Amino acid sequence: MTPRKIKVNVFLLGAVDWNRRLFDSLIPLPEGTSYNAYLIKGSEKTALLDSVDPTMTDVLLEQLKDVPKIDYLVAHHAEQDHSGAIPAVLQKYPDAKVVTNAKAKAMLIDLLEIPDDKFIVVADGESISLGDKTLKFLFTPWVHWPETMSTYLPEDRILFSCDFFGSHLATSDLYAVDEARVYEGARRYYAEIMMPFAGMIKKNIEKIKSLDIELIAPSHGPIYHKPAFIVDAYLDWLSDNPRNVALIPYISMHGSTGKLVDRLTAALTQEGVTVIPFDMTVTDLGRLASALVDAATIVIGTPVVLAGPHPLIVYAASLVNALRPKLKFASVIGSYGWGSKLPEQIAALIPNLKLEMIDPVICKGLPRAADFEAVEGMAKAIAEKHRSLKLMS
Ligand code: FEO
């Protein structure tokens with residue numbers, strides 16, 4: 001990618017990682033990702049905002065080949081997908097200073113061994129002048145780590161938001177013109193990265209509300225030329241009110257749990273509840289995470305194996321617990337051979353979620369008529385519970 005002009009003397013640099021399929025050795029990237037860096041040339045000083053993943057260092061250095069001087073290298077976030085090429089940039093520009101906050105400085109020293117004398121530490125709200133352009137730093141903690149910050153460029157009305165509002169999306173589009181695709185990517189990203197810190201994200205949205213913003217330029221995915229598109233989506237995802245949606249992540253080893261899931265899916269549909277079953281042997285965890293953004297109920301389906309829930313369900317439940325979605329209700333369906341403590345075991349896996357438990361349906365061996373009847377009762381109970389909520393439309 002060659003540098004792309006956004007405004008006079010403001011450029012998008014960075015790399016599109018078309019083929020990356022896993023982030024943090026955890027998060028599936030079905031659409032790849034990008035690492036956005038931004039170059040701002042003021043009348044007196046030049047700043048580079050963030051760098052790229054270390055695997056893409058050469059791409060960034062190639063883009064900088066005609067840039068004679070960088071005065072400030074702003075590090076919004078210490079995670080290596082943005083900071084990883086900072087040592088190489090400092091090697092090319094030995095007089096450049098890394099501008100960041102005190103927390104990020106400590107992390108950058110820990111993670112990249114950047115020397116102490118290379119830093120300029122800024123406070124929340126502080127500005128640095130580039131001459132005819134100004135960098136105003138806003139601390140936006142927990143989008144994604146506690147040190148993460150953003151930069152506002154008032155002369156061009158651009159918010160450089162780092163992970164905040166990002167999307168793991170490899171695209172040649174400079175702007176978020178393919179709104180359906182960007183929405184899905186940003187929602188997945190929100191679910192995986194932001195949802196556990198929803199309270200802090202709300203505060204950060206409040207913090208940027210008073211800014212006059214024409215463009216939001218994140219560190220992953222395209223730039224938002226209609227800021228309301230992504231801010232309104234965040235406000236929707238951050239709402240305390242869920243939608244009329246039930247999720248059924250499940251495993252079935254010999255078909256019994258699967259039969260219960262099929263009946264529950266049909267019964268919930270009949271009751272007017274939107275239902276999504278996820279067979280955890282084939283589910284992309286990002287799809288489940290994204291669905292959790294506004295679901296009201298989760299019903300976990302599992303057989304007993306080795307005296308407890310299936311290990312893939314233990315894994316999924318621990319992720320659901322860590323992501324802290326706004327779920328309100330939970331239940332369990334499943335099957336056992338000679339003994340079961342599934343409801344207690346599943347409840348113990350999701351202690352972060354303060355959920356009202358709906359009566360489980362656990363059958364011995366194949367489900368019989370009474371079990372299917374109980375599942376239909378569960379569907380009615382879920383629909384009734386949903387009717388008691390203030391739901392998002
Ligand atoms: Fe894109 Fe948290 O790094």
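Rounded, prolate or oblate: which fits segment 1-132, taking a ≥ b ≥ c as square roots of the Cα gyration tensor eigenvalues, rounded meaning a/c under 1.5, else prolate when a/b beats b/c? Display every interim value, and only then the final one.
Values: a/c = 1.74, a/b = 1.22, b/c = 1.43.
The shape class here is oblate.
Using R₀ = 51 Å, calculate the FRET efficiency as 1/(1 + (r/R₀)^6) where r is the Cβ-Cβ separation of E373 and R21; round to 0.05. Write down the numbers at each step before the final one.
Numbers: r = 44 Å, r/R0 = 0.86.
Between E373 and R21 the formula returns 0.70.
Out of residues 5 or more away from T302 or on other chains, whose amide H comes under 5 Å of its own, with H placed 1.01 Å from N in the peptide plane?
Under 5 Å from the amide H of T302: I251, I333, G334, S335.
Here are some pairs, K97/K136; K103/K202; K69/K226; which of them have Cα atoms lying more than 24 Å apart in this structure?
On the way: K97/K136 16 Å; K103/K202 21 Å; K69/K226 32 Å.
Cα-Cα > 24 Å for K69/K226; rest within.
Testing the spin-label approximation: label points 7 Å from Cα along Cα→Cβ at M253 and L319. State their distance in nm.
Each label point lies 7 Å from its Cα, and together they span 2.2 nm.
I need the shape label for segment 4-238. Rule: rounded when a/c is under 1.5, else prolate if a/b > b/c, else oblate, with a, b, c from the alpha carbon gyration tensor. Numbers along the way, then the final one.
Working: a/c = 1.36, a/b = 1.26, b/c = 1.08.
It comes out rounded by the Cα gyration axes.
Antiparallel DSSP bridges in segment 246-387: what percent, to the nearest 5?
Details: 2 of 23 bridges.
Around 10 percent of the beta bridges assigned by DSSP in segment 246-387 are antiparallel ones.
Which length gain, in nm to one decimal place, applies between H225 and V67 when the Cα-Cα distance is subtracted from 0.36 nm times their residue separation?
Numbers: separation 158, 0.36 × 158 = 56.88 nm, distance 2.64 nm.
Taking 0.36 nm per residue and subtracting the Cα distance, the gain is 54.2 nm.
If I model a spin label as a point 7 Å beyond the Cα along the Cα-Cβ vector, how far apart are those points for D110 and D236 in nm?
3.7
For the chain, rounded, prolate or oblate, judged on the Cα gyration tensor with a ≥ b ≥ c (square roots of eigenvalues), a/c < 1.5 rounded, else prolate if a/b > b/c?
Values: a/c = 2.71, a/b = 2.29, b/c = 1.18.
Prolate is the answer for the chain, as a/c is 1.5 or above and a/b outweighs b/c.
Restricted to Cα positions, what overall size does segment 246-387 have along the principal axes? Three whole-Å values, descending.
35, 32, 26
Report the trypsin sites (Lys or Arg not before Pro) located in segment 8-58 that are in a DSSP loop and have at most 15 other Cβ atoms inside 10 Å of their Cβ, or state none. Working shown, then result.
Numbers: sites: R20, R21, K41, K45; in loops: R20, R21, K45.
Sparse-neighbourhood loop trypsin sites (Lys or Arg not before Pro): R21.
Rounded to the nearest 5, what is the percent of antiparallel bridges among the DSSP beta bridges in the chain? Could you put the intermediate results ahead of the total?
Numbers: 30 of 66 bridges.
Antiparallel: roughly 45 percent of the beta bridges in the chain.
None of the figures in this text is laboratory data; all of them are computed from the coordinates on show. None of these values were measured; they are calculated from a predicted model. Neighbour counts run over all protein chains shown; Cβ positions are idealised from the backbone, glycine included.
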